[in-house]
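Chemist: First the structure, which I've put down as structure tokens, then a few questions once you've had a look.
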Amino acid sequence: MKSAPSPKTILAVGAHPDDIDIGCSGSISKWIKKGAKAYYLVLTDGSKGSEDPKISHQKLTKLRHAEQKKSANLIGVSRVFFLDFVDGELENTLKLRQKIVKIIRKIKPTTVICFDPTLVYDGQRQFINHPDHRVCGQATLDAVFPYARNIRSFPELLTEGLEPHSVQEVLLINFQKQNFYVDITSNMDLKMAAIGCHQSQFPQMEKFQQRIKAFAQTYGIKAKPKAKYAEGFFKITLR
Ligand SMILES: [Zn+2]
């Protein structure tokens, strides 16, 4: 049996407010209860997350920030960082990587959680992955290696006192392939409450929560030992 790691410091990176809560808040809350410190980093402003033409971008962003802060608070997250790139327009630029590196060097995470950028679509579950999710995954992986650990990258950060930092492990959220599962049975209620904070995103909240629970059950079957509910990741341990 593979024992669950107990990361000391976690940085979870999402493209939109709600991504992290859906993808990995069960594991994060579990590790916080074991003494870990966790941080959320949200790359975009979430300003495309509504079909209501009457709500302004600014109002929507403000609402989504508030929803994200509320859920992070429930999970026990120490701080949420918002980079506020425009939703739907995220590109893997040097500027984006530098901003992610800056936060990595600031909080020095042992564990970074982000999307697997290789997931373009899922034939089994019939969905196309959001382009921001793919960019978020790629830019975060790039930031972890080589930029965050390389002293010659972004020398302006050194002058700010932000020394190179080597992340120990990366957990990728990929709905198709996993090599690592975390039993979140006792944290499922908390995860559901965190998702429940994102009212603006899920008008049929209960239905969505049931879908997430069903996913967690399928991961639970694959977990060793089996669990009622689990989150699944592809784990990369770095040297
Ligand atoms: Zn998203």
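The values are calculated or read from the model by the stated rules, or taken from the named source; none is laboratory data. These numbers were taken from a predicted model, which means no experiment stands behind them. Cβ sites come from the backbone with ideal geometry, for glycine too, and all protein chains shown count toward neighbours. Note: accessible area is taken over every heavy atom of the protein model, side chains too, but ligands, DNA and RNA are not part of it. Shrake-Rupley method; radii C 1.70, N 1.55, O 1.52, S 1.80 Å.
Chemist: Of the conditions (1) buried (at least 20 other Cβ atoms within 10 Å of the Cβ); (2) within 14 Å of the ligand (Cβ to nearest atom); (3) closer than 19 Å to residue 139 by Cα; (4) not aliphatic (A, V, I, L, M), residue 64 clears all except one; give me its number.
Modeler: With respect to (1) buried (at least 20 other Cβ atoms within 10 Å of the Cβ); (2) within 14 Å of the ligand (Cβ to nearest atom); (3) closer than 19 Å to residue 139 by Cα; (4) not aliphatic (A, V, I, L, M), residue 64 is out only on (3).
Chemist: Looking only at the stretch 183-239, count how many residues are without any contact (Cβ under 8 Å) to a residue 40 or more places away in the chain and not in a helix (DSSP H, G or I).
Modeler: Looking only at that region, the number is 5.
Chemist: Out of all the residues in the stretch 193-214, which are under 19 Å from residue 181 (Cβ atoms) and touching an Asp or Glu at 6+ places or on another chain (Cβ under 9 Å)?
Modeler: Selection gives nothing.
Chemist: Go through (1) touching a strand residue (DSSP E or B) at 6+ places or on another chain (Cβ under 6 Å); (2) under 30 Å from residue 57 (Cβ atoms); (3) at pLDDT below 95; (4) not acidic (Asp, Glu) one by one and return the number of the condition residue 174 breaks.
Modeler: (2)
Chemist: For the stretch 145-167, does any single residue satisfy the condition of being more than 26 Å from residue 86 (Cα to Cα), touching a residue at least 60 places away in the same chain (Cβ under 8 Å) and in contact with a Leu (Cβ under 9 Å, 6 or more places away or on another chain)?
Modeler: Yes, the stretch 145-167 has at least one match.
Chemist: Got a sec? Which of 9, 93 is more than 16 Å from the ligand (Cβ to nearest atom), among the β-branched types (Val, Ile, Thr) and open to solvent by 40 Å² or more (accessible area, probe 1.4 Å)? Write out each step before concluding.
Modeler: Values: 9 fails: open to solvent by 40 Å² or more (accessible area, probe 1.4 Å).
Result: 93 is the single residue among 9, 93 that is more than 16 Å from the ligand (Cβ to nearest atom), among the β-branched types (Val, Ile, Thr) and open to solvent by 40 Å² or more (accessible area, probe 1.4 Å).
Chemist: Now a separate question. Within the stretch 149-177, track down each residue that is open to solvent by less than 30 Å² (accessible area, probe 1.4 Å) and over 19 Å from residue 107 (Cα atoms).
Modeler: Passing the criteria: 172, 173, 174.
Chemist: Where residues in the stretch 22-40 are within 26 Å of residue 85 (Cα to Cα) and of a type in the set (Ser, Thr, Tyr), which of them is farthest from the ligand (Cβ to nearest atom)?
Modeler: Of the stretch 22-40, the ones within 26 Å of residue 85 (Cα to Cα) are 22-25, 28, 37-40.
Subsequent filtering for residues that are of a type in the set (Ser, Thr, Tyr) retains 25, 39-40.
Working: 25: 14, 39: 18, 40: 13 Å.
Across the stretch 22-40, the extreme among qualifying residues is 39.
Chemist: Let me ask another. Output the residues belonging to the stretch 110-148 that are in contact with a helix residue (DSSP H, G or I) (Cβ under 9 Å, 6 or more places away or on another chain), open to solvent by less than 60 Å² (accessible area, probe 1.4 Å) and more than 16 Å from the ligand (Cβ to nearest atom).
Modeler: Of everything in the stretch 110-148, those that are in contact with a helix residue (DSSP H, G or I) (Cβ under 9 Å, 6 or more places away or on another chain), open to solvent by less than 60 Å² (accessible area, probe 1.4 Å) and more than 16 Å from the ligand (Cβ to nearest atom) turn out to be 111, 112, 142, 143, 144, 147, 148.
Chemist: Go over the candidates 45, 19 one by one and state the one that is at pLDDT 95 or above, within 19 Å of residue 234 (Cβ to Cβ) and either among the small types (Gly, Ala, Ser) or within 15 Å of the ligand (Cβ to nearest atom) (or both).
Modeler: 19
Chemist: I'm told residue 54 meets every condition in (1) among the basic types (Lys, Arg); (2) buried (at least 20 other Cβ atoms within 10 Å of the Cβ); (3) more than 16 Å from the ligand (Cβ to nearest atom) except one. Can you identify the failing condition by its number?
Modeler: Failing condition for residue 54: (2).
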